[in-house]
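Visitor: Sharing a structure here in structure tokens format.
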Amino acid sequence: MKLVMAVIKPFKLDEVRDALTSIGVDGLTATEVKGYGRQKGHTEIYRGAEYAISFLPKIKIEVAVKEDLAERVVEAIAGAAKTGQIGDGKIFVFDLMNVVRIRTGETDADAL
């Protein structure tokens, strides 16, 4: 089992969800987060004053899948989230040691 975590631009969330649904992913977790990468934020002008925005709004998506589906999930996220501009995000893949569905007590792949 794998945990695929991606940090993407907020306006790409619906496209990513649709792409994951189309390959058979049943659920995901999305969290509003803030961060920065190589772009180091940006500046904005508000009421004539310039402000440095150090942390940019992003969406963190987490998807737990069977190992054989992980690569397709990564490809789906990368394809749907790409704009070609700086700040498109990153995808991380982790080994998932154990999963328990609380309601039924199912474990591991059965709990996904």
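The values are calculated or read from the model by the stated rules, or taken from the named source; none is laboratory data. As the structure is a prediction and not an experimental result, all values here were calculated from the model. Every residue, glycine among them, receives a Cβ derived from its backbone with ideal geometry; neighbour counts consider all protein chains shown. These area figures cover heavy atoms from the full protein model, side chains too; ligands, DNA and RNA do not enter into them. Shrake-Rupley method; radii C 1.70, N 1.55, O 1.52, S 1.80 Å.
Visitor: Collect the residues in the stretch 65-92 that are under 11 Å from the mean Cα position of the chain (by Cα) and farther than 16 Å from K9 by Cα, keeping them in residue-number order.
Guide: V73
Visitor: Let me spell it out: the conditions are (1) open to solvent by 90 Å² or more (accessible area, probe 1.4 Å); (2) within 24 Å of L112 (Cα to Cα); (3) not acidic (D, E), and M1 meets all of them except one. Which number is the exception?
Guide: Of (1) open to solvent by 90 Å² or more (accessible area, probe 1.4 Å); (2) within 24 Å of L112 (Cα to Cα); (3) not acidic (D, E), only one is false for M1: (1).
Visitor: Moving on to the next point. Among the candidates A52, A81, which residue alone is touching a Gly at 6+ places or on another chain (Cβ under 8 Å) and free of Cβ contacts under 8 Å to residues at least 12 places away in the same chain?
Guide: That would be A52, the only listed residue that is touching a Gly at 6+ places or on another chain (Cβ under 8 Å) and free of Cβ contacts under 8 Å to residues at least 12 places away in the same chain.
Visitor: Which count do you get for residues in the stretch 54-76 that are open to solvent by less than 30 Å² (accessible area, probe 1.4 Å) and touching a Leu at 6+ places or on another chain (Cβ under 7 Å)?
Guide: 6
Visitor: Could you tell me whether any residue of the stretch 26-41 is of a type in the set (K, R), farther than 24 Å from K2 by Cα and more than 13 Å from the chain's Cα centre (by Cα)?
Guide: Yes, the conditions are met somewhere in the stretch 26-41.
Visitor: Every residue in the stretch 43-64 that is over 20 Å from K9 (Cβ atoms) and at pLDDT 95 or above, please.
Guide: The one that is over 20 Å from K9 (Cβ atoms) and at pLDDT 95 or above: A64.
Visitor: Okay, moving on. Determine, yes or no, whether L20 is within 13 Å of the chain's Cα centre (by Cα) and either at pLDDT 95 or above or open to solvent by 50 Å² or more (accessible area, probe 1.4 Å) (or both).
Guide: Yes; evaluated as a whole, the condition is true for this residue.
Visitor: What tally of residues in the stretch 77-112 results from selecting those that are open to solvent by 80 Å² or more (accessible area, probe 1.4 Å) and in a loop (DSSP other than H, G, I, E, B)?
Guide: Residues flagged as open to solvent by 80 Å² or more (accessible area, probe 1.4 Å) and in a loop (DSSP other than H, G, I, E, B) within the stretch 77-112 amount to 7.
Visitor: Do we find a residue being crowded, with 17+ Cβ neighbours inside 10 Å, assigned to a strand (DSSP E or B) and aliphatic (A, V, I, L, M) anywhere in the stretch 32-51?
Guide: No.
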